[in-house]
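Worksheet for the structure shown next.
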Amino acid sequence: MSDPIVYTRHDDTAILCIRNPPVNALSHAVRQGLWDAMDRAEADSGVRAVLIVGDGRAFIAGADITEFGKPPLEPHLPVLCNRIEASPLLVVASMHGVSLGGGLEVALSAHYRIAQPSARVGLPEVHLGLIPGAGGTQRLPRLIGAEKALEIITSGRQVKAAEALDMGVVDRVEEGEPEAVGLAYTRDLLAEGASRRPVSELPAAPAIDWDATYDAVLAKGRGQISPAIAVRAVQAASELPFEEGLKKERDLFMELMQTDQRQGMIHAFFSERAVGNLAELKGVTPRDLKAIGVIGGGTMGAGIATAALLSGLEVVLIEMKAEAAEAALDRISGNLSGALKRGKISQEQFDALTQKALSVSTDYDSLSDVDLVVEAVFENMDVKKEVFGKLDAVCKPGCVLASNTSYLDVDEIAAATSRPEDVIGLHFFSPAHIMKLLEVVVAEKTAPDVVATGFALGKALGKISVRAGVCDGFIGNRILASYRTAADHMVLDGATPYQIDAALTKFGFAMGPFAVADLAGLDIGWMTRKRKAPDRHPEERVPTYIDKLCEEGHFGQKTGEGYYIYSAGKRAGVPNPKIAELVAAEQQSLGITPRPFSDEEIVRRYMCAMVNEAAKVVGEGIARRPLDVDMTLLFGYGFPRYWGGPMKWADIVGLPTVLADIEAYAKDDAWFWQPAPLLKTLVAEGRTFDDLNKDAAK
Ligand code: 3HC
Ligand code: NAI
């Protein structure tokens, strides 16, 4: 590798340019290079100042995350930052692109900071299950006060240059080439006779109510610990001399480095980036995408249209009747008004999107020029086939024909056209303009460039796209069906839906399965149970107590009653007393004596069901890699990010333990708890799911 620090000299200023593409992460070589370059500048006669800049697209994106978990090599970053700050020379950082984590910490150890208007700074370590570990929790509060520093550190958000200037994180914001602007600033400072200004020598930030802040941050993190630990590090900055505070920060950082949460979050970071990295897409050019068609303007169609409009695509939406078309237009305008209110688009953009980029019609011929169509009509095979027949007749050659079906067979849908190679599943999640997940469902005859186009659309819409194969429910809904069943079985056997929801939110899920069912609508599960009834295996246990509620017309939140009762204007419900009666009646008719469940057993059974089905999904090739399952659950099903996903959770807990639990549960219900062959193989070979991810990356 070429030298990661390029040393040049301009009059009395030494320029240290970091060159470690793509984002100038602070690898061992960069740290050593910076250290040596500081030595060289200090020994270089006539040099009075050092300017640190980054080459390429960023100043520095932070510590090199790929080095985490390996033995740390000297010079360690905190020591390097202290060395930079302690230099007798005047040190200036000129920041562009991002300065994140260790990158901002290097900048904070400079004596002055100048940034481009487009620059962003932040301490995102909490998103990796860590806290800043190179003085960030000690220097930032000294510079801008404990409250502002805590907000930046515990949220991990990226702060734009103008706000950073306002807060005092940077001293000047100026447009231009980073090196030239930085050099001019350094010259000004030298000309003014500006003195060195080490942040560590600033007075400590005044105290705040640390315990109350800790509690509030812990509660907000839904089980995530690193933001709360960051509060203690900032507390140390207020209470201890700098050196001792730094040591406290390092100790807390190293403790977090050993946690499961750190492992889970770093797995999520890399998996999020690896998910679209598929061998089958290498060298395949996606088809052009300028205008798309959407069939059906209900919940999903309107959301998909909104997402497409917001990313600059033209949209032609088809509905059955004029009134339905009008209603679809209202839905889309409503969604876009939300974006307008949140400041995501301007009034002019709103007008252009609704008046120019979108057209709504009842005539399929309007689709003759679109590049891709997403069908989002009722979940019924006959209706879908009829729609695809019509699309086949009107769409131009090469147009991608996609279905948003949740469960139906995409091969069968493709067979309704004369061009099955152009047909694919694009499974969005509700609300489609907000949820990040897109399952790209590849059917038997789908052409490679159609798959690439599905991923290109996902990227254009800002989604995390996961490749899935065809089966009932693809990756996500198939696994959901399994862990939902485990939850239903626990209700039959004696746990209440409310205990289960509480145990799982405590585990870190955004919502428990019964609250989710109420939100999605109980009619969906009811219809699915009816659809599957004819093929049901006699040993399959299917609770029917909730069907009785559906028969009375109660479908959850939308009707005000489900597992919970919802009073007007309130999102959260209270337990529905009818449920206990219905469950008791069913237990009696089945001869079940209810037994108590601990929260731990609830989580364990739920997670084992999820992992077991996920292992089947990977084993059958429906998901290419375990990480594809992890990202599906994280971005589509509210799985806690700090566990990395269900497969990562299983690796952390240990696959032999998970298999042993499944085998133990199978003693009571051998039909449901059939261990996945892949899980058995991995246990026998002493391997993990992550080993499969690594195999796939080779
Ligand atoms: N270390 C190692 N690799 C990194 C990295 C880092 N800090 N940041 C990004 N990369 C890699 C990515 O994995 C990706 O690799 P790939 O091309 O092989 O997939 C490549 O750089 C480009 O990254 P993105 O695809 O994410 O590019 P974007 O332009 O979309 O985003 C970014 C750039 C905003 C820098 C984003 O990558 C990011 O948020 N990175 C992480 C920043 C971070 O968390 N920094 C803190 C690190 S922890 C720390 O500093 C501890 C310290 O306090 C001691
Ligand atoms: P919906 O009932 O809200 O909307 C369906 C719309 O399609 C209606 O407005 C209807 O008028 C229109 N429509 C029906 N036949 C049509 C035709 N031949 N031509 C043009 N328009 C037609 O349904 P929803 O919830 O939007 O679901 C649509 C599809 O998306 C289904 O396949 C569903 O399984 C899937 N899906 C639903 C999710 C959800 O959470 N609601 C999530 C992911 C996928």
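How large is the direction-averaged shadow of the alpha-carbon convex hull of region 438-502, in nm²?
If I average the Cα hull's projected area over directions, I get 5.8 nm².
What is the gain in length, in nm to one decimal, between residue 547 and residue 664 on full extension, counting 0.36 nm per residue of separation less the C-alpha to C-alpha distance?
Additional length available on full extension: 39.1 nm.
Just to verify a number: FRET efficiency for residue 40 and residue 527, C-beta to C-beta distance, R0 = 60 Å, to 0.05?
That pair, residue 40 with residue 527, gives E of 0.25.
Under a crude label model (7 Å from the Cα following the beta-carbon direction), how far is residue 359 from residue 290 in nanometres?
Going from the residue 359 label point to the residue 290 one covers 1.4 nm.
Dividing the alpha-carbon Rg of the chain by 2.2 N^0.38 Å yields what?
1.07
Expressed as an acute angle from 0 to 90° and rounded to the nearest 10, what is the orientation of the C-alpha long axis of helix 476-493 relative to the principal long axis of the chain?
That helix lies at roughly 70 degrees to the long axis.
Considering only DSSP states other than H, G, I, E and B, which GluC sites (Glu not before Pro) in region 606-674 qualify as loop sites with at most 15 other Cβ atoms within 10 Å?
620
Once fully extended, how much extra length lies between residue 568 and residue 260, figured as 0.36 nm per residue of separation less the alpha-carbon to alpha-carbon distance?
Extending this stretch completely gives an extra 106.8 nm.
Mind ranking 11-19, 352-360 by how tightly packed they are, going by the mean number of other C-beta atoms within 10 angstrom, highest first?
Per-residue Cβ counts within 10 Å, averaged per peptide and sorted highest first, yield 11-19, 352-360.
Which aspartates and glutamates, on any chain, are close to residue 247 with Cα under 15 Å apart, when same-chain ones fewer than 8 places away are left out?
Output for residue 247: 239, 255.
Please flag any cysteine in the chain that has no other cysteine's Cβ under 4.7 angstrom from its own Cβ.
Cys with no partner Cβ under 4.7 Å: 17, 81, 471, 550, 608.
Ranking 345, 602, 295 by Cβ neighbours within 10 Å, fewest first, what do you get?
If I rank by nearby Cβ atoms, fewest first, I get 345, 602, 295.
Taking N as the number of residues in region 289-468, what is its Cα Rg relative to 2.2 N^0.38 Å?
Normalised Rg, Cα atoms only: 0.94.
Using a Cα-Cα cut-off of under 16 Å, which aspartates and glutamates could be cross-linked to residue 282, ignoring same-chain neighbours fewer than 8 residues away?
Filter leaves 449.
Rounded to the nearest 0.05, what FRET efficiency is calculated for residue 537 and residue 10 with R0 set to 60 Å and r the Cβ-Cβ distance?
0.20
How far apart, in nm, are two points set 7 Å out from the Cα along the Cα-to-Cβ line at residue 369 and at residue 3?
Going from the residue 369 label point to the residue 3 one covers 5.8 nm.
Give the separation of the Cα centroids, region 1-74 to region 639-698, in Å.
Using only Cα atoms, the two centres lie 43 Å from each other.
GluC sites (Glu not before Pro), restricted to region 151-185: which are DSSP loop and have at most 11 other Cβ atoms within 10 Å?
Of the GluC sites (Glu not before Pro), the ones in loops of region 151-185 whose Cβ has at most 11 other Cβ atoms within 10 Å are 175.
What's the longest piece of the chain with no exposed chymotrypsin sites (Phe, Trp or Tyr not before Pro), counting a site as exposed if DSSP puts it in a loop and it has at most 14 other beta carbons within 10 Å?
Answer from the scan: 1-377.
Given 248/648; 436/532; 616/648; 290/356, which pairs have Cα atoms separated by over 18 Å?
From the list (248/648; 436/532; 616/648; 290/356), the Cα-Cα distance tops 18 Å for 248/648; 436/532.
Under 18 Å Cα to Cα from residue 548, which aspartates and glutamates show up? Leave out anything in the same chain fewer than 8 places away.
Within the straight-line cut-off, residue 548 pairs with 488, 518, 523, 561, 581, 586.
How far, in nm, would the chain grow between residue 311 and residue 681 when pulled straight, counting 0.36 nm per residue and subtracting the alpha carbon separation?
Between residue 311 and residue 681, full extension yields an extra 128.8 nm.
Every number here is computed from the coordinates shown, using simple stated rules; none is lab data. Keep in mind it's a predicted model, so treat the numbers as computed, not measured. As a convention, Cβ positions derive from the backbone with ideal geometry for all residues, glycine included, and neighbour counts pool all protein chains shown.
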